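Any read-out appearing in this document is the output of simple, stated calculations on the displayed coordinates, not a laboratory observation. For clarity, every value in this text was computed on a predicted model and none was experimentally measured. As a convention, Cβ positions derive from the backbone with ideal geometry for all residues, glycine included, and neighbour counts pool all protein chains shown.
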Amino acid sequence: MSADIGASARLVPDEAIAATATVPTGSNTLELVRSFYIPTDDPSYTRLLNWSWTYDSAMTAAAFVVSGYASEAEQLLDQLTALQHTDGSIEIAFDVADGTTEPVFRSGTIASMGLAASLYDQVFHTSRYLQMEERAAGYLLSLQGTNGLVRGGPDVTWYSTQHNLLAYSFLSLLGNELAFDGDRSASTPYYTSSAKIAAAIQSLLLVHSGSTAYFIEGVGDSVQSLDAD
């Protein structure tokens, strides 16, 4: 499935976010946020109407958490947990109307899900999603290379700046969650791995130019992009 959209498709406006968390009635509906609010006359309307990118649902859940909307965050995180594979992976996108998946696995997607879940647990003082987080972390660590960075996925050799910033944030947050719960021995591997990622980001992905500094897109990719910076 191509991720490109029609010219008039746009992100869901703020006032529509809560409504999109409830998906249309169907035999295999998923309780995820649909990624785009698409006008009915857009050529991509039928093709993309019900698609939800996992990253979008994870970030929406995180926004609900920091806004104090626990039940709304739970709806999304419970569904993501149910969709997660036992090895910790999850597809990058789902059709919320029929359950169809886009069977691509990316470290940034998985890290964003874990990040939102750990944020929920710490804000609301629970371990509701700890097992999901640990599965996600295990999958990410299986992709960590000798250079300290996490590969983009199991089928690629590249290292993305954005993915590694997310992985660093998630693993650090998970370490904090375990440490605050009194399980310092369990937190140590996550702190160690996140420190390796941080060091590699500094040495391989952050460029200093005079008095300024910027991130490049990834290892061997000198493009400067807003989602990396």
May I ask for the angle, rounded to the nearest 10°, between helix 130-142 and the longest principal axis of the chain, with both axes built from Cα atoms and the value confined to 0 to 90°?
60 degrees
Say we join alpha carbon atoms closer than 10 Å with springs in a Gaussian network model of the chain; which of ALA116, ALA93, ALA63 then has the biggest fluctuation?
ALA63
What the 10 Å binned alpha carbon P(r) of the range 125-229 shows, as percent of pairs per bin from 0, is 15, 44, 28, 12, 1
Treating the angle as unsigned and between 0 and 90°, give the value, to the nearest 10°, between the Cα long axis of helix 107-123 and the longest Cα principal axis of the chain.
90 degrees
Please report the relative contact order for the range 10-215, taking Cα pairs under 8 Å with a sequence separation of at least 6, and give it as a percent rounded to a whole number.
16 percent
Entry for Cα extents along the principal axes in Å (calculated from the structure that is shown) out of [x] 43, 37, 31; [y] 48, 42, 33; [z] 56, 33, 32:
[y]
Which residue, ALA213, TYR45, ALA62, has the largest displacement toward the positive end of the dipole of the chain when charges sit on each Cβ (Lys, Arg +1; Asp, Glu -1)?
ALA213
Treating the angle as unsigned and between 0 and 90°, give the value, to the nearest 10°, between the Cα long axis of helix 54-66 and the longest Cα principal axis of the chain.
80 degrees
